[in-house]
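Trainee: What follows is a single structure, and I will ask about it in a moment.
The values are calculated or read from the model by the stated rules, or taken from the named source; none is laboratory data. Just so it is clear, the model here is predicted, and its values are computed rather than measured. Backbone-built Cβ (ideal geometry, glycine too); neighbour counts: all protein chains shown. Just so you know, the surface numbers come from the protein's heavy atoms only, side chains and all, with ligands and any DNA or RNA stripped out. Shrake-Rupley method; radii C 1.70, N 1.55, O 1.52, S 1.80 Å.
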Amino acid sequence: MAYRVTEDQQRTQWGGPLLKELISKFERKDSKVGIVGLGYVGLPLAIRFAACGYRIVGFDVDESKIQTLAQGKSYIEHIDSEQVAALSQSGAIFTADFTRAEECDALIICVPTPLNKYREPDLGYVTGTVEALLPYLRPGQLMSLESTTYPGTTEEELRTRLERSGFKIGEDFFLVYSPEREDPGNPEFDTRTIPKVVGGVTDKCKAVGVALYQAVIDTVVPVSSPAVAEMTKLLENIHRAVNIGLVNEMKIVADRMGIDIFEVIDAAKTKPFGFTAYYPGPGLGGHCIPIDPFYLTWKAREYGLHTRFIELAGEVNRAMPEYVVGKLLDGLNELGRPLKNSHILVLGIAYKKNVDDMRESPAVEIMEMIKARGGIVAYSDPHVPTFPKMREHYFDLQSVQLNAENLGKFDAVVLATDHDRFDYDLIRQSASLIVDSRGKFRETASHIVKA
Ligand SMILES: NC(=O)c1ccc[n+]([C@@H]2O[C@H](COP(=O)([O-])OP(=O)(O)OC[C@H]3O[C@@H](n4cnc5c(N)ncnc54)[C@H](O)[C@@H]3O)[C@@H](O)[C@H]2O)c1
């Protein structure tokens with residue numbers, strides 16, 4: 001699958017000396033790779049390139065991250081400090097000083113791509129980064145954008161800025177888009193084993209991009225343009241968002257009919273073809289699935305098109321925290337209790353199991369709704385010892401230790417995120433009311449409400 005410069009192209013000096021030199025540097029690993037944005041995506045990438053023998057310059061605007069990395073420590077739960085220490089020992093430099101971009105042969109951009117308050121793409125981090133780098137770029141470099149974005153970004157936002165600065169893309173400077181597909185906390189796949197899609201602005205850009213990535217990643221998948229690579233990433237995430245929306249809707253229907261949706265999914269997935277299991281939950285979380293689809297929605301409007309599946313899935317998924325709180329109200333009602341002044345423990349507040357990432361977590365929506373109705377909310381999450389600073393939410397809370405005594409103090413627990421580290425037997429035995437949004441308590445019992 002991997003793309004190679006053909007012998008013919010090599011013989012005819014295809015791309016000229018800059019291209020040949022850059023490809024040869026990447027192949028020999030005699031090159032410096034700059035990674036801009038050292039978060040969930042950038043840090044594992046830096047670790048992987050360093051482990052393969054590349055010299056790393058890690059750029060971030062967050063000084064506290066720079067300092068933590070320089071001390072050989074990790075700030076991401078699933079990345080061990082030993083891995084960061086190995087990165088430091090490889091001679092990696094961590095800096096906020098963009099003048100050092102000049103030293104790098106490749107610059108890989110992994111900065112955030114959120115939505116603004118109108119739920120429209122906020123490309124400010126990407127464009128700000130490119131503009132901050134521009135004065136220090138030089139001929140003979142490769143730039144790769146990895147941040148998730150709408151089709152056209154690399155051409156419209158990066159290429160134009162680079163060309164305005166005088167670079168000839170594909171001749172003296174090389175530009176690709178290569179989406180990140182990291183799945184933090186998934187032990188089955190890592191940076192090396194997740195295939196990497198690469199789309200170049202020109203064929204020469206693609207050849208240089210593929211040469212860089214195939215030195216560190218098992219499978220590189222070249223595609224015909226950056227827009228194809230940009231849309232590939234969106235298709236993957238939209239596929240998840242829509243299917244999760246579908247199964248959340250099915251959960252509500254099944255519940256009304258007295259059918260357990262998890263039993264249905266277990267039976268359906270015995271079909272060896274044509275069905276993929278998705279699971280219902282308390283709503284979408286993370287920085288990807290609730291956000292990325294709307295990058296396409298926004299761009300499609302430019303073409304006079306409405307992305308109805310995306311909007312509908314968004315509507316269903318966004319209503320799920322309210323659905324879970326409705327089930328909590330029903331459960332308390334059966335016990336003759338109002339939610340007001342009841343003590344409620346939310347179990348698992350990270351957005352998915354076994355991680356510490358709180359971004360867009362629906363558990364926090366649930367906590368807000370309980371609080372707004374006068375409930376007294378607490379949480380327990382082995383991955384989040386203290387409720388973190390969040391832009392739109394504030395709770396002055398520490399994680400409650402899970403033991404029989406503590407569980408007995410609450411009128412109800414709401415299972416929002418099903419971490420493996422929870423003792424589910426203990427919860428089953430000690431909680432007076434369990435509202436389960438994850439299908440962990442499959443039996444029928446008077447103190448269990450399926451949500
Ligand atoms: N986290 C994932 O699992 C994942 C998976 C696939 C794709 N993505 C995409 O990758 C991109 C990055 O996501 P992330 O989860 O790593 O985000 P993150 O917030 O964990 O990390 C981004 C980093 O960029 C830094 N930063 C911001 N502006 C900067 C600038 N101008 N210069 C240098 N550094 C800057 C931030 O301080 C932060 O450390 C996003 O587009 C996201 O959608 C993330």
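Trainee: Taking the stated definitions as given, is GLY286 closer than 29 Å to ALA227 by Cα and out of contact with any helix residue (DSSP H, G or I) (no Cβ under 9 Å at 6 or more places or on another chain)?
Mentor: yes
Trainee: Still on this structure: Scan region 245-261 for residues that are open to solvent by 20 Å² or more (accessible area, probe 1.4 Å) and either in contact (Cβ under 8 Å) with a residue 40 or more places away in the chain or part of a helix (DSSP H, G or I) (or both) and jot them down.
Mentor: The first filter runs over region 245-261 and keeps only residues open to solvent by 20 Å² or more (accessible area, probe 1.4 Å), leaving 246, 249-250, 252-253, 255-260.
LEU246, GLU249, MET250, ILE252, VAL253, ASP255, ARG256, ASP260 - these are the residues of region 245-261 that are open to solvent by 20 Å² or more (accessible area, probe 1.4 Å) and either in contact (Cβ under 8 Å) with a residue 40 or more places away in the chain or part of a helix (DSSP H, G or I) (or both).
Trainee: Restricting to region 328-355, count the residues that are open to solvent by less than 40 Å² (accessible area, probe 1.4 Å) and within 28 Å of GLU77 (Cβ to Cβ).
Mentor: 9
Trainee: May I ask you to list the residues in region 146-205 that are in contact (Cβ under 8 Å) with a residue 40 or more places away in the chain, open to solvent by 50 Å² or more (accessible area, probe 1.4 Å) and away from the ligand (no atom under 16 Å from the Cβ)?
Mentor: Answer for region 146-205, where residues must be in contact (Cβ under 8 Å) with a residue 40 or more places away in the chain, open to solvent by 50 Å² or more (accessible area, probe 1.4 Å) and away from the ligand (no atom under 16 Å from the Cβ): GLU155, ARG159, GLU171.
Trainee: Right, VAL221: within 16 Å of the ligand (Cβ to nearest atom), open to solvent by 20 Å² or more (accessible area, probe 1.4 Å) and not aromatic (Phe, Trp, Tyr) or not? Write out each step before concluding.
Mentor: Details: within 16 Å of the ligand (Cβ to nearest atom): yes; open to solvent by 20 Å² or more (accessible area, probe 1.4 Å): yes; not aromatic (Phe, Trp, Tyr): yes.
So VAL221 fits the description; yes.
Trainee: Listed residues ILE238, ILE265; which is at negative phi, out of contact with any strand residue (DSSP E or B) (no Cβ under 8 Å at 6 or more places or on another chain), within 16 Å of the ligand (Cβ to nearest atom) and assigned to a helix (DSSP H, G or I)?
Mentor: Numbers: ILE265 fails: within 16 Å of the ligand (Cβ to nearest atom).
Just one listed residue meets the conditions, ILE238.
Trainee: Could you go through region 90-113 and let me know if any residue there is of a type in the set (D, E, K, R), in contact (Cβ under 8 Å) with a residue 60 or more places away in the chain, open to solvent by less than 60 Å² (accessible area, probe 1.4 Å) and more than 9 Å from the ligand (Cβ to nearest atom). Steps first, please.
Mentor: Of region 90-113, the ones of a type in the set (D, E, K, R) are 97, 100, 102-103, 105.
Add one more test, that the residue is in contact (Cβ under 8 Å) with a residue 60 or more places away in the chain, and what stays is 100, 103, 105.
Checking which are open to solvent by less than 60 Å² (accessible area, probe 1.4 Å) leaves us with 105.
From the residues that got through so far, the ones that are more than 9 Å from the ligand (Cβ to nearest atom) too are 105.
Within region 90-113 (the criterion being of a type in the set (D, E, K, R), in contact (Cβ under 8 Å) with a residue 60 or more places away in the chain, open to solvent by less than 60 Å² (accessible area, probe 1.4 Å) and more than 9 Å from the ligand (Cβ to nearest atom)), the answer is yes, since at least one residue qualifies.
Trainee: Scan region 20-71 residue by residue and report those that are open to solvent by less than 10 Å² (accessible area, probe 1.4 Å), free of Cβ contacts under 8 Å to residues at least 40 places away in the same chain and within 13 Å of the ligand (Cβ to nearest atom).
Mentor: The answer is GLY58, LEU69.
Yes or no, residue by residue, for (1) part of a loop (DSSP other than H, G, I, E, B); (2) touching a helix residue (DSSP H, G or I) at 6+ places or on another chain (Cβ under 6 Å):
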| residue | (1), (2) |
| --- | --- |
| LEU332 | no, no |
| GLY336 | yes, no |
| ALA350 | yes, no |
| MET367 | no, no |
| VAL377 | no, yes |
| GLU392 | yes, no |
| GLN401 | yes, no |
| ASN406 | no, no |
| ASP418 | yes, no |
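Trainee: Also, quick follow-up: Inside region 371-403, can you point out the residues that are at pLDDT 95 or above, of a type in the set (A, V, I, L, M, F, W, C) and surrounded by 12 or more Cβ atoms within 10 Å (Cβ to Cβ)?
Mentor: ILE376, VAL377, ALA378, VAL384, PHE387, PHE395, LEU397, VAL400, LEU402
Trainee: Follow-up. Collect the residues in region 116-145 that are open to solvent by 10 Å² or more (accessible area, probe 1.4 Å) and outside any loop (DSSP other than H, G, I, E, B), keeping them in residue-number order.
Mentor: PRO121, GLY124, TYR125, THR127, GLY128, THR129, GLU131, ALA132, LEU134, PRO135, TYR136
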